[in-house]
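Student: Would you mind keeping the following structure in view while I ask a few things?
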Amino acid sequence: MRCQPHNGHQVYIWLKTVQPCLLCDEPADTQHSICTHCETDLPWLIDQCERCALPMPMSGLTCAQCSRQPPTFSDVIVPWLYDFPIDALVTRFKHQGKWPLGRLLAELLGRTLQHRFDEGLRRPDVLIPVPLASKRLRQRGYNQAAMLAQWLGKSLSLPVDEKTVRRVKETPAQQGLDAKARKRNLREAFALTDPLPILNKHVALIDDVLTTGSTVDTIARLLIGAGARQVDVYCLARTPKPGD
């Protein structure tokens, strides 16, 4: 039985009348279900590492990790720090099935991406969500990254490929692991069903939160090794370095 919900179904009733803000419940004064005040107060990520989007004290810097060992992926587009209220919104979407919150975040991320495309960021050929292992997919009932990818694909008119990259190894949850442990945890965790769909393609990986980047770098290495031309990463939020 297919666990992933059918993406053609609405998860929120989008009416032409004024909608309440999903954060404060006041009338939303934008086309999205969020008021201008709440949107302005979101923890927008401004100064970041030019390679992995790690929060930095000023713009134009590269973090020590990327300087020592540059990641396989290229551009990282992420609007927010993983801080309140984004952390709560992502958690409620990811673990409690609050799909309207996920859709709202996807629409705001899509707007950020479209702005970057208008400024010259190269559009990818295809969006690929980070896959869940079969056991975790059955337990949760849906893959939040796949839902984000479908919403983004629709708003940006980009194809979504949920079949080429598979998670073939059940691994412990990444939460609470440091970078080295995460890399060990991900060895041989992913595989390609067929390299042909990504041959010479510009791929964008979709995930909810970027922590150490180990997962997306592992997949990017797999895709580049199979012939992908470029791999970017689009996600909702970036965690700071532990201790910051």
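Each value in this text was obtained by applying a stated rule to the coordinates, not by laboratory testing. Keep in mind that this is a model prediction, so the values were computed, not measured. Because the Cβ atoms are built from the backbone with ideal geometry, glycine has one as well, and the counts that use them run over all protein chains shown.
Student: Relative contact order for segment 44-238: what is it in percent, counting Cα pairs under 8 Å that are at least 6 residues apart?
Tutor: 26 percent
Student: For segment 44-238, what number of Lys pairs, 8 or more residues apart or on separate chains, have alpha-carbon atoms under 27 Å from each other?
Tutor: Lysine pairs meeting the criterion: 21.
Student: Under the rule a/c < 1.5 gives rounded, and otherwise a/b versus b/c splits prolate from oblate, where does segment 44-238 land using the Cα gyration tensor?
Tutor: Rounded shape, in that the Cα axes give a/c under 1.5.
Student: Quick check: residue separation of residue 36 and residue 157 times 0.36 nm, minus the Cα distance between them. What number comes out in nm?
Tutor: 41.0 nm
Student: Starting at the first residue of segment 93-106, write each ³J(HN,Hα) from the Karplus equation 6.51 cos²θ - 1.76 cosθ + 1.60 with θ = phi - 60°, in whole Hz, x for Gly and Pro.
Tutor: 5, 6, 10, 10, x, 7, 5, x, 5, x, 5, 4, 5, 5
Student: Got a sec to turn the phi values of segment 41-56 into Karplus ³J(HN,Hα) couplings, 6.51 cos²θ - 1.76 cosθ + 1.60 with θ = phi - 60°, whole Hz, x for Gly and Pro?
Tutor: After applying 6.51 cos²θ - 1.76 cosθ + 1.60, I find 7, 4, x, 5, 8, 9, 8, 8, 4, 6, 9, 10, 6, 4, x, 10 Hz.
Student: Looking at segment 44-238, send over the antiparallel percent of its DSSP beta bridges, to the nearest 5.
Tutor: Given both bridge residues lie in segment 44-238, the antiparallel proportion sits at roughly 25 percent.
Student: Now for a separate question. Search the structure for amide H atoms under 5 Å from the amide H of residue 52, placed 1.01 Å from N in the peptide plane, and list their residues when 5 or more places away or on another chain.
Tutor: The list, which skips near neighbours in sequence, is 63.
Student: Once R0 is set to 25 Å, what does the formula 1/(1 + (r/R0)^6) return for the Cβ-Cβ distance between residue 68 and residue 188, expressed as a FRET efficiency to the nearest 0.05?
Tutor: So the FRET efficiency works out to roughly 0.55.
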